[in-house]
Structures are given as C-alpha cells and as structure tokens.
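Engineer: My questions will all concern the structure given below.
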Amino acid sequence: MKLWVDCRDASMDWTETEEARLRETLEKGLELEGVEGDPEISVSFVTGEEIRTLNATYRGMDRETDVLSFPVYEAEEIPERKRLGTLDVLGDIVINRERVRSQAEEYGHSEEREMLYLAVHSLLHLLGYDHEEEADKRVMRAHEERIMRALGVSREEEPAAFHSGYVAVIGRPNVGKSTLINHLLGEKLSIISNKPQTTRHKLQFIYTDQRMQAIFVDTPGVQIPKNELGETMLRLSREALEGVDVCLFLTDISSRIGPLDRRILDHLKTIHDIPLLMLLNKTDLASPEMVEAEKRRYEELDIFNVVLPFSAKKGEDLTPLLDRIYRALPEGPQYFPDDMVTDRSERFLITELIREKCLYHMQDEIPHGIHVGIDTMKLRPDGSLYDIYATIYCEKPSHKGMVIGKGGTKLGRIGREARKDIERLLDCHVNLKLWVKVDKDWRRNKKKVERLGFD
C-alpha cells in the first residue's frame, strides 16, 4: 500500500510511530476486505474550520464533521475491480484532528484509538460502504468492529459501566414528545394527538438495555394556563426538572423561536448542574439546508451540550440520542425490572387510550373538557377476555350528545378504535363498553383536578 500523509493542523505533533500505526490499520483493513495489490491512499489531518470549508465546497453543506472520504471509484465499480486486482488508487481521507481530541475525551479512550477508528471508518467509505440506511449502517459497523478487533482495539473490548437515572422530556405542546417516547420504547404507551394538552400528567416511561436504564419523565407541554387544569399542568412541567439527571428539550423545525420555546429556553439558561440535550424534531418537513441552519441557531445559544436533528415521523435511528443519554447519565443500578416500561397502571393507560380516540374524533374545545374513568375491569375466569366498562365525562350537557353522535355512531367509532389499542396493550381480547356522563366544569374545580390524579 502506498500511503501519503499530510498534516495541515499546525498544532499536531505527528510522529513516525503514529504513521506506522496508521499504515498498519489501513493495511489490515485492506487485507480483511480482500483488496490485493498496492493501492494508493492519502490521509490529511486538518482543523475543524478547514473540514467545514471542504464540506461546503464538495458536499454543499456548511458543517464540521469528524472525517471526509473522497473515493475514486463508484460503489458499484469496486467488486469487479477487486476481483481483477485493479484498485490502484482508492482515494483521499480527511480527518479532523480537533474532533479526534474532543471525541477521545468524550468517549473516554485514547486519541490513538479514536484516530484509528476514524481511519477504518473512512477506509470503508472508500471501499463503497455507507450508513445512510439502517441496514447499511449495521453492515458497516460489523466490518468496522471486525477490523478494530483484529488490531486489538475493539470498541467492545471493555464492558461499559451501567448507567441509570431520570431524563426529563420538556417542550411546548405538539412537538412530538409522546411520539418520541413511543418510538424509544417500541410500543404505544403515551397517547398522540395533533391537539395541545394531549399529555396532562407527569408520566414515567422506562427504557432498559444492556448498558443503561433511562427513566423518561414525559411532561405536559409548556403553555399559558387558562384554568385550574392548565395551572396544574404548567406546575408539573416545571417540577419535572427537579431531581432529574438529564434534561431533553424537544422542539421542531420552524422559521423562528416562538414565545413558548423562548419561555423554556430562558428557564434552561438558569440550569447549570445537569446536562442539557436538545432534539430538533420534524426534520422531514424541511430541506437539509434549513435543518442545518436551525441546528446552528440553537447551538449558538450556548445552552445545550448537543443539538441533534431527528424525524420521529420517519422513524429515524435513535442511536445517537441514546449514546448521548448514556454518557450524560451517572453510573448507577437498575431500578426497575427489564420488562417494566412504565410506572403507571394498566387501568390508567386504558383511560388514556380511550381519551386519545376522543381527541381524534372531537373538535375544538370539547376534547379538552373530557376525562375518562374505569368503572369495572375484570378478566374472565378462563382468561380469554377482559370485560372493561368505562365512562367518558364531559363538561357540559350540550357536549354529551356530540360525544355520542347521531345514533351513537361517534361513540361507536371511539370504542372500536380504543378496543384495538387496548387489546394490543393487554395482549388479550377485550369487551369494551362506554358510557357518557356530564361532570360540569370539572377543569375549573381544583379539588376535582387533584382527585383525578393531576397532582
């Protein structure tokens, strides 16, 4: 292999030992990938500013990355050329030396190990591998790990310490907090609607994997309170930041930072004792240029440890977010069993699923004047069916008929759709019966709000 090294970062003290280690890494990668002959590779070490310029010039994006790869061949050409042994010039690798330092410190390993990993990652790009799609990403990671293991610096060589703690998820209404929680846990536990006030309670959802247990505190969206229920929801959102280990602020792509976002940001500026992460959701609604501009706008506020773009609707990979949460959480024990995903009872989750269908089928103010109660919930002796009787309460007598609908059609749709979700939750057939009653002006009654569990 012909290797050309160019150190354009003046602060870098490049040694012959480092060059020998880099050569060994690339040669081992070529060997394991079945590349024969004497291919030529150039490796340049540059500053963060220079790699940003290269990205803008050659990739059309104003962004600082840790590496850049410029392959000579298209991906589809490589298998045939490998077979013929004509991969003579592979291309150029550019490594951001500043990122080598910062990422080594962040991940808790040596700069050499980080440099070797980035070199392997870039080499695989030269050989046609990519990580745009999840399936391609898994393949590329497997090849990276194979090469790193052969070099004796496997990323899996040391068992990771177990981390645990509480993560507050905050944001204004309808930015996707509940969608994110459901996406993280892989099942529907938090109700979703395009209307504000969907989440009323402070809910805890538990994510567990081999290296961490993160208890996500899903809070009501921050809003201007209009009644006793609104005051309680605002208090719950503020209290969610007390005693947590990490704060995750969620917002979406927009042309400006709105008043409710500004209200939250002003409060976050006063928090200095816990990591603050930000997720910029709904990136599917904007161009890559707009996403990058919004990301930089929030980064320049100098509030957050990291700003991550994300599209919950597209179901994008959450690995970068989970990695950040893992590093932000302290080392600690596993508080809940592996199979426990929420601290709320099945009865509570069932009332929420019924309320979600009311939100979906009702308009304007009526859904927010609704709460749901379980009257009876029994599993039949043979274990084949749950009988669930529930009541939908509305604030005004005039609303009762609107919830029921002509000939009971609307209530029937609410019941059918809720039953399907409840059956998935309970993993059992369900006989669901719904009634509608009036609980006059309950949202303005502090005692009723507390009795319904909002405190």
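Engineer: I'm told residue 335 meets every condition in (1) open to solvent by 70 Å² or more (accessible area, probe 1.4 Å); (2) without any contact (Cβ under 8 Å) to a residue 60 or more places away in the chain; (3) in a loop (DSSP other than H, G, I, E, B) except one. Can you identify the failing condition by its number?
Structural biologist: With respect to (1) open to solvent by 70 Å² or more (accessible area, probe 1.4 Å); (2) without any contact (Cβ under 8 Å) to a residue 60 or more places away in the chain; (3) in a loop (DSSP other than H, G, I, E, B), residue 335 is out only on (2).
Engineer: Scan (1) loosely packed, with under 15 Cβ neighbours inside 10 Å; (2) under 30 Å from residue 329 (Cβ atoms) for the single condition residue 76 breaks and write down its number.
Structural biologist: (2)
Engineer: If you scan the range 321-332, which residues turn out to be part of a helix (DSSP H, G or I) and either more than 18 Å from residue 245 (Cα to Cα) or of a type in the set (Asp, Glu) (or both)?
Structural biologist: Correct list: 323 only.
Engineer: Do the conditions hold for residue 379, that is, is it out of contact with any helix residue (DSSP H, G or I) (no Cβ under 7 Å at 6 or more places or on another chain) and within 19 Å of residue 429 (Cβ to Cβ)?
Structural biologist: Judged against the criteria, residue 379 is a match.
Engineer: Turning to a different aspect of this structure: Return the total of residues in the range 257-289 being more than 11 Å from residue 309 (Cα to Cα), assigned to a helix (DSSP H, G or I) and within 20 Å of the chain's Cα centre (by Cα).
Structural biologist: Of the residues in that region, 5 qualify.
Engineer: Under 8 Å between Cβ atoms, at least 6 apart or on separate chains: pull out the pairs that start in the range 262-285 with a residue that is farther than 23 Å from residue 165 by Cα and end on any residue that is part of a strand (DSSP E or B) and open to solvent by 10 Å² or more (accessible area, probe 1.4 Å).
Structural biologist: Matching pairs, first to second residue: 281/252; 282/252; 283/309; 285/252.
Engineer: Here is a follow-up. Looking at 68, 54, 87, which is the one that is in a strand (DSSP E or B), open to solvent by less than 70 Å² (accessible area, probe 1.4 Å), within 23 Å of residue 22 (Cα to Cα) and not aromatic (Phe, Trp, Tyr)?
Structural biologist: The match here is 68.
Engineer: For the range 41-73, which residues satisfy the criterion of being charged (D, E, K, R) and within 20 Å of residue 115 (Cβ to Cβ)?
Structural biologist: 49, 50, 52, 64, 66
Engineer: Among the residues of the range 90-116, what is the count of those that are open to solvent by 50 Å² or more (accessible area, probe 1.4 Å) and part of a helix (DSSP H, G or I)?
Structural biologist: 9
The values are calculated or read from the model by the stated rules, or taken from the named source; none is laboratory data. Note that the structure is predicted; figures quoted are calculated from it, not measured. Note that we place each Cβ from the backbone using ideal geometry, even for glycine, and neighbour counts take in every protein chain shown. The protein model used for the area step is the full one, side chains on, heavy atoms only, and it has no ligands, DNA or RNA in it. Shrake-Rupley method; radii C 1.70, N 1.55, O 1.52, S 1.80 Å.
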